[in-house]
Structure formats: C-alpha cells, structure tokens
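To keep things clear, I will list the structure first and then write my remarks on it.
The values are calculated or read from the model by the stated rules, or taken from the named source; none is laboratory data. In this text, all values refer to a predicted model and were calculated from it rather than measured experimentally. All Cβ positions, even for glycine, are placed from backbone atoms using ideal geometry, and neighbour counts span all protein chains on display. In case anyone asks, the SASA skips ligands and DNA or RNA and just uses the protein heavy atoms, side chains included. Shrake-Rupley method; radii C 1.70, N 1.55, O 1.52, S 1.80 Å.
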Amino acid sequence: MDSATINQDRLSFLALHFVPGIGDYLVKQLVSYCGSAEQVFKTPKGKLLKIPGIGQVTAEAIKTGNTFRQAEGEIKKAEKEDTEILFFIDTKYPSRLKEIEDAPSLLYYKGNINLNHSKSVAIVGTRQATDYGKEIVSQIIETLKPHGTLIVSGLAYGIDIQAHKQALKHELPTIAVMGSGMDVVYPTAHKDVAKKITRQGALLTENHFGTKPDAHNFPARNRIIAGLCDALIVVEAAEKGGALITAEIANTYNKDVFAVPGSLGNTFSEGCNKLIRNNKAVIYTSIKDLEYHMNWSVDVDQNNKKEKAELDISIYTKDEQNVLSLLKEKNGPMMIDELTFKSSLSPSQLASLLLSLEFSNVVKSLPGKQFALAKK
C-alpha cells in the first residue's frame, strides 16, 4: 500500500469520527465489517444498513462524505499544534487501552514518550487536596522512582497536578489525560505545567480541537486514566466525586486499585476509607504494598532480561511456547484475561496449561489473577 493510500485511509478514519451519531464502538464496528475506513465510505448504503447499529440517518450521513472537509481541517490544526492523531489500529496506540471494551478509537497525542511503558501508575484524588494529601503524593512518587514508573493523572487541581509536578521533579515520565481539546488546556492555570509535560511525557485527549472542558467529558476522561495504568492509587477523595468514579472504572477493567487511608471524620478521607471498607481497594501505606500486590521488585527488574534470555522455550509444546513468549514480551505480570485474548486459547485450555507450567516452576501465579515467568 503506497503512502497516498495510507493517508487517504487515515483521512477516512478521522472523517468517520465527525459523522453524527457515530461513536467509538460504531467506528470500530464499521471498519471491522468493511475492512478499512476508506472502504466504509465506498460501501453501498444497502450494505451499510445491514451492519448492526447503522440506521437510515447514519448511513445517509456516511454516504454524503461531508465530513472529509472537517477531517482535513483537523489534520491542519494537529500540524499547527504539533499534535499526533493516533487511531485504534496504530501500533503506537497504547496497548493497555486496546484491552478495554470502551477504549477511544482515536487519541490526540502531544509529547515524546513511549505510551506503552513497562510500568504505569495512575494517581487521582480530590481537587481540594490537603497538605497531607500532597505530601503523600510526593512520597509515593519518590518511592516509585527506582521503578522508573510512568505516572498518569488528569491535570486537574489538587492531587492530579501534584502528581504531575512531582513526576517532573523526580524525572519520571507522566501523562496528563485531558477532558478538553488539545488546544484548550484546562484549568488555564496549569498551562505551564502542561508545556513541561510535553517535554517529559505527554498530553492525551480523545476530544477534537476546540472542545470545551464540559462536565460530561470528565467521566469519559476518567476511563482513559483507568485504562492506561497497571495500578491506580486514590490519595484523597470525598464520598462522591471523580476519583471514586475512576476507581470504580478501574475495578471493572480488573486493574489493581489502592487507596490511602485517612482520618475518621475528614471529608477527604471518606472516599478512600469507603473503598477500603467495601473491598474495592487495597490499603496503601507504603511502596511495599504496591510492590507486593504488583510483584514489582527493583532487583527483579534489573535481572529480568538476563533471566528471560536464559529460558529456552523450544523444549515446550506449541501452545506453551505461545504463552511463554507472551509473558517474556510483557516483561512483567500479565492478567489472565489478556493472556486468554492474546494466546487465542480457551479459558479452560489456558488454565490447564498455566497449572502445568506452574508445577514445572516456569510460571508463577500472582494476586489479582496475574501470571509471570518464575524467577530461576
């Protein structure tokens, strides 16, 4: 496929996002049925109507092709704003997000980091952070530095901005997920921090240029934060609020959720204490809690590549080689759901295979239905 064809398909993919009534799910559905975004616009209306979720109005809107002008304008804005548009099908698109059902089919990316970092922790909390909450964030990030962890948050006041600032201070990569367009930094008071983040991390949003930070954008933003991390830590939160929504979403994604306990009667401890009380979060008291539940060890990480290079997978069956290769490539713990999806094995086949490899001391099971290569 020549570059002109590739560019036309990408333009078509972007144009789909401007068709009224088409969301992330339908974009993926259309591309899957038609074979490519470009082919969607070439498919006869009658065939489009046979695709689940496509009605008369949507089919007619696709066939007019009126959204190509909007897509071309968006590409020009992206070039002007030094922003890259990533589609769900791109290799650069975050692999963690690809694993969630409601992942955005498009992302605007501005920065200079690998979005598929080996370790990723999201830190969220109230916008009215106390000195205690800010100090806890500082401690968490300082202790994460030996792991070289990617820090994810939402650029909001309070806990979020503290997480970004401390990541910058300790030279850790950080991603700020925005609830607005890339050209509308919100809150405006954080523009300088956002600019620094693009040099040591990235700004991410699923919203088109010019999108205002309307309230309904933030729950959607929170699912991206939850999807990008391996573990989510709630530092301070009231009984209701965005941080708890993010924690709930993270739980549905089978992410490990942690909460920092707080004083009884403190408004911004109620949310964290509630998560712990209802077994929706593991109590976080120090980095050791995270390291234990995530099976993270600095020493293991330093020797990981050497150990994995010594493992000769050629002596195993084809299915075992497949699973072992996936675990080696992951370079850390892997959720059983992800293993099932990527190995193309049935859950029962995979469970039996993993049990056999455990007995052989090649694989070890970890908390949270995760598996990793056993240390020799």
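Below are the figures for this structure:
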read-out: Filter result for ALA281 (touching a Cys at 6+ places or on another chain (Cβ under 8 Å), hydrophobic (A, V, I, L, M, F, W, C) and either open to solvent by 10 Å² or more (accessible area, probe 1.4 Å) or free of Cβ contacts under 8 Å to residues at least 60 places away in the same chain (or both)); value: yes
read-out: Those residues of region 110-132 which are open to solvent by less than 10 Å² (accessible area, probe 1.4 Å), out of contact with any Gly (no Cβ under 7 Å at 6 or more places or on another chain) and at pLDDT 95 or above, in sequence order; value: SER120, VAL121, ALA122, ILE123
read-out: Region 44-100, subset of a type in the set (Lys, Arg) and closer than 30 Å to LYS342 by Cα, residue most open to solvent (accessible area, probe 1.4 Å); value: LYS50
read-out: Candidates LYS342, LYS364, filtered to the one that is farther than 17 Å from ASP230 by Cα, basic (Lys, Arg) and not in a strand (DSSP E or B); value: LYS342
read-out: GLN139, sole failed condition from (1) modelled with pLDDT under 95; (2) of a type outside the set (A, V, I, L, M, F, W, C); (3) touching a Ser or Thr at 6+ places or on another chain (Cβ under 9 Å); value: (1)
read-out: In region 253-269, the residues that are out of contact with any Cys (no Cβ under 9 Å at 6 or more places or on another chain), β-branched (Val, Ile, Thr) and either modelled with pLDDT of 95 or more or open to solvent by less than 20 Å² (accessible area, probe 1.4 Å) (or both); value: VAL257
read-out: Unmet requirement for ASP160, which otherwise passes all of (1) charged (D, E, K, R); (2) over 25 Å from TYR132 (Cβ atoms); (3) out of contact with any helix residue (DSSP H, G or I) (no Cβ under 8 Å at 6 or more places or on another chain); (4) crowded, with 16+ Cβ neighbours inside 10 Å; value: (2)
read-out: Scan of region 338-368 for residues that are surrounded by fewer than 15 Cβ atoms within 10 Å (Cβ to Cβ) and charged (D, E, K, R), ordered by number; value: GLU358
read-out: Hey, VAL19 open to solvent by less than 40 Å² (accessible area, probe 1.4 Å) and not basic (Lys, Arg) or not; value: yes
read-out: Residues of region 253-288 classified as of a type outside the set (Ser, Thr, Tyr) and part of a helix (DSSP H, G or I), total; value: 11
read-out: Lone qualifier among GLU310, GLU329, GLU291 - being at pLDDT below 80, open to solvent by 40 Å² or more (accessible area, probe 1.4 Å), out of contact with any strand residue (DSSP E or B) (no Cβ under 7 Å at 6 or more places or on another chain) and among the acidic types (Asp, Glu); value: GLU310
read-out: Any chance VAL31 is among the aliphatic types (A, V, I, L, M), open to solvent by 20 Å² or more (accessible area, probe 1.4 Å) and within 25 Å of THR205 (Cα to Cα); value: yes
